[in-house]
Amino acid sequence: MRTSIRRSQRLMALAAVAALTTGLLAGCAKDSADGSSDHSDGGGNGTGKGKITLTVGTFGVFGYQQAGLYDEYMKLHPDISIKENVTTRTDVYWPKVLTRLQAGSGTDDIEAIEIGNITEAVQTQADKFVDLGKDVDTSQWLGWKNAQATTKDGKLIGLGTDIGPMAICYRKDLFQKAGLPTDRTKLAELWKGDWSKYVDVGKQYMQKAPKGTKFVDSASSVYNAAVGGASERYYDKGGNVVWDRSEGVKKAWDAAMTVATSTMSAKLKQFDPTWDQGFANGGFASVACPAWMIGYIEQKSGDSGKGKWDVAAAPAASNWGGSFLGVPTATKHQKEAVALAKWLTAPAQQAKVFAKQASFPSTPSAYPGLRPQADTTAYFSNAPLTQIFSDAAKAIPSQPLGPKDKPIDNAISDIGILQVEQKGKSPSQGWDAAAKEIKDVLGQ
Amino acid sequence: MTGPKQALAHSAPSADAAPGSSPGAARGAHGRGAPAGADSWRSRLYRWDMKASPYAFVSPFFVLFAAFTLVPLLYTAWYSLHHVQLSALDHQSWAGLDNYKNLWSSDFFWNALRNTLTIGVISTVPQLLAALGLAHLLNYRLRGSTVWRVVMLTPYATSVAAATLVFTLLYSWDGGMVNWILHFFGVGPVNWRESDWGSRFAVSSIVIWRWTGYNALIYLAAMQAIPADLYESAAIDGANRWQQFWHVTVPQLRPTILFTVVVSTIGATQLFGEPLLFGGVSGSKGGSEHQYQTLGLYMYDQGWIIGNLGKASAIAWSMFLVLLVVAAVNLLLTRRLRKSP
């Protein structure tokens with residue numbers, strides 16, 4: 001029945017097994033699955049030219065490279081070359097920075113710090129960062145931005161980069177089909193004052209919603225936007241955890257629950273591929289958008305969305321996101337690193353990053369001169385982006401943050417709200433699930 | 001083939017000679033009571049070489065093992081007995097067994113353990129059965145057999161990240177291809193990521209897709225080593241193909257099957273990348289009800305997202321204990337299977 005196996009075949013099987021074994025070994029190293037790419041973009045022509053190489057550690061797109069700031073700085077300072085180390089995911093980036101800070105080696109000369117981590121850095125890593133307060137004119141920045149990076153004894157460990165003032169980005173064409181006003185000032189008037197009014201507009205939208213569309217991308221995006229403008233969130237001024245009795249959380253939760261238990265949500269998870277698809281095929285009519293999301297929407301909606309998107313002022317001033325640049329004391333080039341961080345975060349440079357990436361400056365003196373790219377303005381129906389976002393930025397309240405802000409936020413959004421929105425649980429069940437999760441987060 | 005054999009033949013007797021000759025030589029040196037000449041210096045060097053070199057040769061692995069496995073292992077044990085935050089590694093306070101007590105009384109831990117076992121079973125069993133079937137088919141004389149084998153291996157060569165990303169799209173509840181196909185069969189849309197069994201099935205399907213071909217090739221290699229005369233005599237006895245598979249192939253493959261079971265079990269216990277990426281932005285939670293949070297994910301969430309390193313270390317050691325139990329069960333099964341005819 002069976003013919004004898006030829007020698008070559010046996011050899012091949014052997015080779016296959018050998019290849020598999022090496023593949024198995026290599027696989028361990030290759031598939032770290034953390035999405036980090038530690039790739040270093042040598043700043044243009046700067047490789048090896050300068051006497052001192054400064055490294056900047058970032059996550060995501062900061063826009064310095066894109067706006068040509070590194071090249072410009074190296075031209076101004078021929079003895080310096082700059083290298084950016086990008087780790088795409090924050091949940092990979094931050095633990096790495098923390099361990100390196102505490103080991104006192106391996107840090108970049110400048111480390112970016114995300115707003116979700118700044119309080120942890122202020123409270124636990126302050127002695128590992130250079131006090132920048134003496135080197136800069138702190139009045140350049142918004143007061144609340146500085147406050148977030150300042151320790152109790154007045155040490156400033158990070159210089160503010162961008163902030164995330166919120167607006168509502170909406171699809172004019174879909175609003176029109178649903179019989180809603182499309183004029184941005186009328187809409188802003190309609191929901192002015194409270195996020196629950198925005199949700200009410202959603203109810204109206206759903207009565208005549210164009211087929212296959214929803215009012216908003218997700219319940220947690222409404223929660224996030226609403227809670228970002230509360231004067232108190234998960235911690236009070238004294239640093240106590242107050243998430244379960246904070247007025248801001250309660251109001252935001254209630255607004256999100258109205259969305260989650262209605263039909264107005266597209267039930268997407270932000271930054272998932274399906275969310276991107278939602279932008280591309282017009283699956284939802286509006287989204288609470290911080291300034292930095294402008295570029296994202298333009299990119300994901302593509303040509304089909306051109307001129308259909310518009311931007312209106314948000315119901316209440318609110319902030320989402322924003323980062324800081326800190327200089328670890330472990331750096332060998334402290335003086336030069338401070339100078340670079342100072343230059344990168346100065347109003348003039350922040351304005352350049354805004355022009356390229358629409359990341360909104362944290363320095364008010366930059367606002368009058370802000371110019372978004374012509375393409376972007378046209379894409380959003382010539383909405384006065386600068387005006388809308390500057391007005392929002394100035395009205396954002398100072399909000400006390402805490403060391404476990406981010407995990408608490410994750411627990412509410414990814415556990416509590418998601419259970420109600422996607423698994424049909426009741427709001428109280430969702431709240432209990434979030435509470436259980438937060439207990440697990442805070443308990444050692 | 002001759003190279004290693006010669007080396008072995010050469011080294012074996014001299015290695016035998018070394019320990020035998022050394023005491024005698026030492027005595028000799030004593031008796032003379034004089035410093036060794038050039039000749040005995042060389043022979044001493046030679047003896048020393050014979051004794052120490054093997055250790056030098058095996059040392060790289062053990063040095064690396066100590067640096068990257070043993071020290072972290074012990075350090076993790078130390079951490080697991082302390083309250084440690086990722087943000088304050090130098091502020092540790094003694095916790096005793098608090099972390100373990102805390103962990104073992106936590107629903108999240110048992111849930112993760114249960115998920116790990118469930119997903120492990122529903123991914124390993126179908127995967128190995130399918131691999132066995134595929135290997136059997138590939139073992140027939142086929143036109144372009146190399147092509148088939150290479151195709152089988154392609155999923156394995158794909159990175160977890162890429163594969164999971166594609167599967168996430170296929171499984172998206174709104175407009176995903178799987179739900180689109182299901183609707184032709186009258187099945188309503190399934191929320192693959194948030195439903196309990198849907199999500200577990202989706203995660204294991206990624207594992208199955210990636211590893212079936214790999215296991216099939218291992219089986220195939222073993223099948224080709226089965227002597228052809230066994231099949232010939234089976235055929236003479238009137239056994240059909242299915243009977244041949246069941247009575248000749250499977251018993252002959254038993255050691256190979258055991259090997260793949262052990263390897264797959266270890267892989268399943270450590271399952272991490274697929275569920276993490278399948279969960280998208282908040283992957284470490286393993287779904288809104290932790291419905292596909294494995295032990296690996298729970299440890300990652302506690303250690304790197306929340307920053308409770310003490311508790312994460314306790315999870316790591318608990319996982320180690322689980323693996324020991326699994327290994328013991330495996331051993332028992334193996335023994336029993338070996339004994340049975």
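The values are calculated or read from the model by the stated rules, or taken from the named source; none is laboratory data. Since the model is a prediction, treat every value here as computed from it, not as a measurement. Cβ: placed from backbone, ideal geometry, glycine included. Neighbour counts: every protein chain shown. Heads up: the accessible areas ignore ligands, DNA and RNA and are worked out on the full protein's heavy atoms, side chains in. Shrake-Rupley method; radii C 1.70, N 1.55, O 1.52, S 1.80 Å.
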Straight distance only, please: which aspartates and glutamates reach the Cα of A:Lys394 with their own Cα at less than 17 Å, same-chain residues fewer than 8 apart left out?
A:Asp162
From Cα pairs below 8 angstrom and at least 6 apart in sequence, can you work out the relative contact order of region B:57-108, rounded to a whole percent?
25
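What part of the accessible area of region B:236-323, given as a whole %, is carbon or sulfur when the probe is 1.4 angstrom?
Details: 2110 of 3140 Å².
After summing per-atom areas, the C and S share lands at 67 percent.
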Taking a cut-off of 20 Å between Cα atoms, list the aspartates and glutamates near A:Lys300, but don't count ones fewer than 8 places away on the same chain.
A:Asp173, A:Asp217, A:Asp272, A:Asp276, A:Asp310, A:Asp375, B:Asp174
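If you scale each eigenvalue of the Cα gyration tensor by 5 and take the root, what three semi-axes come out for region A:264-396, rounded to whole angstrom and sorted largest first?
31, 18, 14
List the chymotrypsin sites (Phe, Trp or Tyr not before Pro) in region B:183-280 that DSSP assigns to loop (not H, G, I, E or B) and whose Cβ has at most 12 other Cβ atoms within 10 Å. Which are they?
On the way: sites: B:Phe184, B:Phe185, B:Trp192, B:Trp197, B:Phe201, B:Trp209, B:Trp211, B:Tyr214, B:Tyr219, B:Tyr231, B:Trp242, B:Phe245, B:Trp246, B:Phe259, B:Phe272, B:Phe278; in loops: B:Phe185, B:Trp192, B:Phe272.
Within region B:183-280, the qualifying chymotrypsin sites (Phe, Trp or Tyr not before Pro) (loop, at most 12 other Cβ atoms within 10 Å) are B:Phe185.
Per residue, how much accessible surface does chain A expose to a 1.4 Å probe? Answer in Å², no decimals. Don't skip to the end; give the middle numbers.
Values: 18080 Å² over 444 residues.
With all protein chains present, chain A gives 41 Å² per residue.
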C-alpha long axis of helix B:145-157 to longest principal axis of chain B, angle in °
90
Could you sort out which of A:Lys96/A:Lys352; A:Lys145/A:Lys251; A:Lys152/A:Lys237; A:Lys192/A:Lys251 sit more than 19 Å apart by Cα distance in this structure?
A:Lys96/A:Lys352; A:Lys145/A:Lys251
Give, ordered by residue number, each residue of region A:397-444 whose 1.4 Å probe accessible area is reduced by a minimum of 50 Å² on adding the remaining protein chains to the chain alone.
A:Lys404, A:Gln422, A:Lys423, A:Lys436, A:Glu437, A:Asp440, A:Gln444
Can you give the alpha-carbon Rg of region A:61-170 over 2.2 N^0.38 Å, where N counts its residues?
1.17
Note the angle between two axes, namely the Cα long axis of helix B:196-224 and the longest principal axis of the Cα atoms of chain B, as a number of degrees from 0 to 90, rounded to the nearest 10.
50
Tell me the mean residue ellipticity at 222 nm calculated for chain B from its helices only (DSSP H runs of n ≥ 4, each -39500 (n - 2.57), averaged over every residue, nearest 500).
-24000 deg cm²/dmol
Between the DSSP loop rule and a limit of at most 10 other Cβ atoms within 10 Å, which trypsin sites (Lys or Arg not before Pro) in region A:284-362 are left?
A:Lys332
Rounded to 10°, Cα long-axis angle of helix B:309-339 versus longest principal axis of chain B
80
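Is any helix in chain A, taking whole DSSP H runs, at least 20 angstrom long along its axis by alpha carbon and on average at least 0.5 on the Kyte-Doolittle scale, and which ones? List each step's numbers first, then the result.
On the way: long enough: A:7-30 (34 Å, 0.87); A:427-442 (22 Å, -0.48).
In chain A, the long hydrophobic H runs are A:7-30.
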Please calculate how many Å² of accessible area region B:99-153 carries per residue, with a 1.4 Å probe and no DNA, RNA or ligand atoms counted.
54
In a GNM of chain B with a 10 Å cut-off on Cα contacts, which of B:Arg193, B:Arg47, B:Arg143 has the highest mean-square fluctuation?
B:Arg47
Over the protein assembly as shown, the quotient of the Cα radius of gyration and 2.2 N^0.38 Å is 1.14
Rg to Rh quotient for region B:142-237, alpha carbon positions, Kirkwood Rh:
1.18
Which residue, A:Pro165, A:Pro427, A:Pro78, has the most motion in a Gaussian network model of chain A that connects Cα atoms within less than 10 Å?
A:Pro78
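Total Å² of accessible surface buried at the B-A contact, 1.4 Å probe, nearest 100?
Working: alone 21280 and 20660 Å², together 36930 Å².
Buried area between the two chains comes out at roughly 5000 Å².
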Once normalised by the length of chain A, the mean sequence separation of its alpha carbon contacts under 8 Å that are 6 or more apart gives a contact order in percent of 21
Take region A:70-120, compute every pairwise Cα distance, and split them into 5 Å bins from 0; I just need the percent in each bin.
4, 16, 24, 21, 13, 13, 9, 0
Whole-percent pair-distance distribution, where bins are 20 Å wide, for the alpha carbons of chain B:
21, 41, 28, 9, 1
Largest fluctuation, A:Ala188, A:Ala219, A:Ala285 only, Gaussian network model of chain A with Cα springs under 10 angstrom, belongs to A:Ala188
Of the chymotrypsin sites (Phe, Trp or Tyr not before Pro) in region B:121-176, which ones lie in a loop per DSSP and count no more than 13 other C-beta atoms within 10 Å?
B:Tyr140
Defining a contact as two alpha carbons under 8 Å apart and six or more residues distant in sequence, what relative contact order in percent does chain B show?
24
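Write down the percent of antiparallel bridges among all DSSP beta bridges whose residues are both part of the protein assembly as shown, to the nearest 5.
Values: 30 of 42 bridges.
Expressed as a percentage, antiparallel bridges in the protein assembly as shown total about 70.
With a 1.4 Å probe and every protein chain kept in, tell me what percent of the accessible surface of region B:87-134 is carbon plus sulfur. Working shown, then result.
Numbers: 1650 of 2400 Å².
Ligands and nucleic acids excluded, carbon and sulfur reach 69 percent.
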Ignoring ligands, DNA and RNA, what percent of the accessible area of chain A is carbon or sulfur (1.4 Å)?
52
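Would you mind giving the three semi-axes, in whole Å and largest first, of the ellipsoid equivalent to region A:286-346 according to its Cα gyration tensor?
Values: eigenvalues 269, 45, 16 Å².
Equivalent ellipsoid of region A:286-346: 37, 15, 9 Å, largest first.
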